[in-house]
Every structure is written in C-alpha cells, then in structure tokens.
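The values are calculated or read from the model by the stated rules, or taken from the named source; none is laboratory data. All values reported here derive from a predicted model rather than from experimental measurement. Please note: Cβ atoms are built from the backbone with ideal geometry, for glycine as well, and neighbour counts cover all protein chains shown. Heads up: the accessible areas ignore ligands, DNA and RNA and are worked out on the full protein's heavy atoms, side chains in. Shrake-Rupley method; radii C 1.70, N 1.55, O 1.52, S 1.80 Å.
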Amino acid sequence: MAGAALPGFQCEARQQPEMVFDWRRHDVRDVVVEHKVFAPSPEAATYGRHLPRRWRDAAPEDFTWRSLRFAERAASTAVLKDVYLAGIDGVVFDSQCRVYLTSHDEEVRYYQSLPPPQAVATAKRIPSAINLVQVWGLAPYHIIAEMMAKLHLLHHVWSQDESIPFLYGGPGRSVPLVKELASSLWGVASTRLVDFRNIGMLRVARLHVADWRLLDSAGKPKRDNGTLYHYLPPRQVLRDLSAHLWQKWPRAGGGHSSSLLWLSRGGKE
C-alpha cells in the first residue's frame with residue numbers, strides 16, 4: 001500500500017505500514033480522538049481456579065499447574081477520526097499508513113486486507129459508523145459473544161443517533177443470526193445493518209470501535225503470542241450482556257426459561 005501518489009497521504013518514507021497496537025500513543029491522538037478504558041476492579045483483576053489441579057488420573061507426585069489464575073482483560077471504546085476500513089477482516093488504517101491493531105492482533109490477515117492505492121483513492125466516504133467487522137465476524141460464537149458485547153459497550157453511541165450504521169462482516173455465514181440478535185436484543189432495525197463484504201472498503205469520518213485487551217502493570221496493551229485468548233470478552237462484559245439477555249428473553253410460565261443461552265470463554269474459565 002504505497003501512498004506517494006495519493007493526495008493527503010504521507011506514506012512516501014515508509015517501506016511498509018506502521019502497526020499501532022497501543023492506541024494511547026501521543027502521536028496518534030490526531031486520529032484516536034476518544035479512547036476510554038474500563039479496567040476491571042481489583043477483585044475481578046484475575047479469574048480461574050485458586051488451587052492447582054493435577055492432570056486427570058495422575059499420581060500425587062506428578063506435575064501440577066502452579067497457578068490457574070489468569071489476568072482479566074480491560075474493555076475499551078474509541079473514536080477514530082478520518083480512517084479507512086478495508087478487507088475481509090476489517091483492517092483500520094489512516095492517511096499516514098498507520099494500521100490500528102485490535103485484540104485479534106496477528107490473526108488478522110493484514111497484507112491480504114490492505115488495498116492497492118487506486119482503491120484508497122476511490123474509497124466511498126461516510127460520516128460515521130459502528131465497526132463490527134472482525135476475524136470470524138460471522139461465526140455463531142463470535143456473533144453472540146463478541147459482536148453483541150461490542151453492541152453493549154457502544155450502546156451509548158448508537159442509541160442516541162439512529163443515523164449511524166453498523167458495519168458487519170468477516171468470515172462465516174451466520175448473517176441471519178446477526179440480524180435476529182440485533183433486532184430482538186437491541187431493537188436495531190435491519191436497515192442500519194450494512195454487510196461490509198459487499199463494499200470492501202470505506203473512508204469513515206468517525207469510526208466507533210469497541211475492543212478488549214490484556215494490559216501490563218503500566219496499563220500498556222500486551223501483544224498476542226498465541227496464549228492470550230484474544231477473542232474472550234472480559235467476564236464483567238459478558239455478565240452485563242447475560243443480564244440484558246434475560247431481560248429481553250424472560251422466563252415462560254412454570255418457572256422454566258423459554259430460551260437457553262450459555263456464554264462461555266473457553267478453556268481458561
């Protein structure tokens with residue numbers, strides 16, 4: 001993605017895009033104009049089992065885990081000013097060839113998603129959008145746990161302005177599930193849901209993003225080395241989402257639930 005011939009682009013000196021993982025950097029504040037981090041409370045800063053556990057049927061002298069406690073992620077919301085959204089995984093970049101990484105980190109197919117210069121020059125412009133495009137964005141688990149969690153975190157934005165569209169997409173086929181949950185859980189009209197796969201690239205004046213990261217002791221996001229369970233929303237976010245589900249899908253007569261939904265975060269819970 002070379003930008004030397006594109007008006008307004010400042011990519012001439014770059015041999016490759018610059019990856020921005022920490023959105024708090026001072027030199028990107030012209031783009032990340034709003035950024036709020038919701039750190040877990042001290043009592044919720046870790047999760048998992050308090051006592052070590054042996055492998056099943058292991059002898060007492062066999063190896064045991066020293067700890068099954070894991071650090072919790074911090075949720076965040078952000079507004080990015082005048083950025084581009086492109087590709088199957090929804091890569092976000094700006095006019096200085098800076099690519100804004102999300103919690104999915106290296107699983108995103110950046111070089112497959114980054115567009116050629118001519119596509120950048122002709123990208124359609126829109127005033128604002130909610131970004132729901134991500135890795136495996138249309139797979140059932142990721143819709144229920146991740147997409148719905150992002151709708152919850154950004155509720156204060158889209159509920160106040162019905163003109164803001166929702167951009168969804170990514171690998172998978174469960175588009176009907178997206179529309180059903182957005183409507184039944186959040187009252188979002190189908191006319192606000194835009195299939196980004198049919199577009200491929202947009203230039204957005206104000207892109208609203210929700211995400212979650214594992215932070216170090218200084219509050220800096222950690223990189224995903226394959227063990228961070230990047231797709232797991234924070235436990236408190238899932239609890240809030242679960243409470244919202246029960247409000248929208250109340251119990252039927254006789255004390256039994258008319259709908260059953262189990263939200264799990266995989267093997268580290």
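The Cβ shell under 13 Å around L193 holds other residues with a net charge of 0, Lys and Arg each +1, Asp and Glu each -1. Of all the Cα-Cα pairs you can form in the stretch 88-152, what percent are over 20 Å apart? So the pairs more than 20 Å apart make up 34 percent of the total in the stretch 88-152.
Which percent of the accessible area of the stretch 109-245 is formed by carbon and sulfur heavy atoms (probe 1.4 angstrom)? Ligands and nucleic acids excluded, carbon and sulfur give 53 percent. In the calculated pair-distance distribution of the stretch 89-204, the portion above 21 angstrom amounts to 37 percent of the Cα-Cα pairs.
Legend: calculated FRET efficiency, K81 to E107, from the Cβ-Cβ distance at R0 = 35 Å, rounded to 0.05, equals 0.85.
Can you classify the stretch 167-210 as rounded, prolate or oblate using the Cα gyration tensor, where a ≥ b ≥ c are the square roots of its eigenvalues, rounded means a/c under 1.5, and otherwise it's prolate if a/b beats b/c and oblate if not? Since a/c reaches 1.5 but b/c is at least a/b, the shape of the stretch 167-210 is classed as oblate.
Averaged per residue, the stretch 95-228 has 45 square angstrom of accessible surface, using a 1.4 angstrom probe with ligands and nucleic acids left out. For D216 and L177, a Förster radius of 45 Å and the Cβ-Cβ distance give a FRET efficiency of 0.80, rounded to the nearest 0.05.
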